[in-house]
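What follows is calculated from the coordinates using simple rules that are stated; it is not laboratory data. Given the structure is predicted, the values throughout are model-derived calculations rather than measurements. A quick note on method: Cβ atoms are made from the backbone with ideal geometry, for glycine too, and the neighbour counts reach across all protein chains shown.
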Amino acid sequence: MELKNTSALVTGGASGLGEATARLLAERGVKVVIMDLNDEKGEALAKEIGGAYVHCDVTNVEQVIASIEAAKAMAPLWSVVNCAGIGWATRTLGKDGEYSSAHDLDLYRKVIEINLVGTFNVCRLAATAMSHNTPDVDGSRGAIVNTASVAAEDGQIGQVAYSSSKGGVVGMGLPMARDLSVVGIRVNTILPGLIDTPIYGSGPASDEFKARLGAGVLFPKRLGYQAEFATLAAELLANSYMNAESIRLDAGIRMQPK
């Protein structure tokens, strides 16, 4: 699938995996709409890469539609990369055995709402817009890449909400690809492992912590680079024969219980 002279949506595009993906797509001639809640970083990056920024909560229908329309105004929308998401670490049971100390249900709902419902919301609306594209020689009208996590398969202690949400993202990949095949839209999912993003902070203490994490990776024994995620996302968009796949990007790690 040709990416040059098309537009793309990247959720969570102002930092981390989304930023790396937005930069790479822009280098390849794509007009990128950065969808994020960090206005300062989002606007600065959009200006730098010649794209556009839209303040967007991925669960908000109107804001997602505004993002899609911003992309269409620059070039036909052919790509979506969903990177927006949050994490939460809480065990299912509290230490005192009281009902009140069990995992907060509102927090569980919030993680599911953003990571799973938000991803689906962007997919369903963007696919609707892409269905109007003029198909290429393969009959393609676009491609979607969703971001799950190895936690979908190797969820650790305290990750029940996060793992549930990411497991849902994996689970919807195949049926969504089947749904969208009728209009020529492909869907693939990346399950990142330990990727070096701003979530780990910076400085000597952060470097030591990341080194300890990297020691548990099979090979190479380091955290993944954001650019390694971006290149995989771009390949899944461009390679017209990649469809309905869930791919671990983790250097062979299998997460232990804790």
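Radius of gyration over Kirkwood radius for the range 119-258, both on Cα atoms: the Rg/Rh ratio is 1.04. Net charge dipole, the chain: roughly 460 debye, given to the nearest 20, about the Cα centre with Cβ charges of +1 for Lys and Arg and -1 for Asp and Glu.
Among Arg248, Arg141, Arg186, the largest mean-square fluctuation in a Gaussian network model of the chain, built with springs joining Cα atoms closer than 10 Å, belongs to Arg248.
Residues whose amide H lies under 5 Å from that of Ser240, counting only those 5 or more places away or on a different chain, are absent; hydrogens are built 1.01 Å from N in the peptide plane.
Taking only Cα atoms, what is the 0 to 90° angle, nearest 10, from helix 160-180's long axis to the longest principal axis of the chain? Roughly 30 degrees between the two axes.
So what is the diffusion coefficient of the range 202-258 in µm² per second by Stokes-Einstein at 20 °C and 1.002 mPa s, using a Kirkwood Rh over Cα pairs? Walk me through the numbers before you get to the answer.
Details: Rh = 13.3 Å.
Estimated diffusion coefficient is 161 µm²/s.
The count of lysine pairs in the range 7-249 with alpha-carbon distances below 23 Å, taking only pairs 8 or more places apart or on different chains, stands at 9.
Projecting label points 7 angstrom from Cα along Cα→Cβ for Val170 and Arg212 puts them 2.7 nm apart.
Remind me, what semi-axes does the range 1-76 give for its equivalent ellipsoid, largest first in whole Å, using sqrt of 5 times each Cα gyration tensor eigenvalue?
Values: eigenvalues 60, 42, 19 Å².
Listed largest to smallest, the semi-axes of the range 1-76 are 17, 14, 10 Å.
Within the range 132-162, whose backbone N sits under 12 Å from a point 7 Å along Cα→Cβ of Ser240? Only 135-142 pass the distance filter.
Phi-derived couplings, Karplus 6.51 cos²θ - 1.76 cosθ + 1.60 at θ = phi - 60°, listed residue by residue for the range 124-134: 5, 6, 5, 4, 4, 5, 5, 4, 8, 5, 6 Hz, with x used for Gly and Pro.
Axis angle, to the nearest 10 degrees, between helix 39-49 and the longest C-alpha principal axis of the chain: 50 degrees. Rg and Dmax of the chain, both derived from C-alpha coordinates alone, stand at 18.3, 62 Å. When the alpha carbon gyration tensor of the range 116-164 is reduced to an equivalent ellipsoid, the three semi-axes, largest first, read 32, 12, 4 Å.
When the Cα atoms of the range 63-164 are aligned to their principal axes, the ranges along those axes come out at 61, 27, 16 Å in descending order.
Between amide H atoms placed 1.01 Å from N, distances below 5 Å from Ala75 occur with no residue 5 or more places distant or on a separate chain.
For the chain, modelled as a GNM whose springs connect Cα atoms under 10 angstrom apart, the maximal fluctuation among Leu105, Leu24, Leu77 occurs at Leu105. Compute a Gaussian network model of the chain, connecting alpha carbons closer than 10 Å, and tell me which residue from Leu218, Leu174, Leu116 fluctuates the most. Among Leu218, Leu174, Leu116, the largest mean-square fluctuation in the Gaussian network model of the chain belongs to Leu218.
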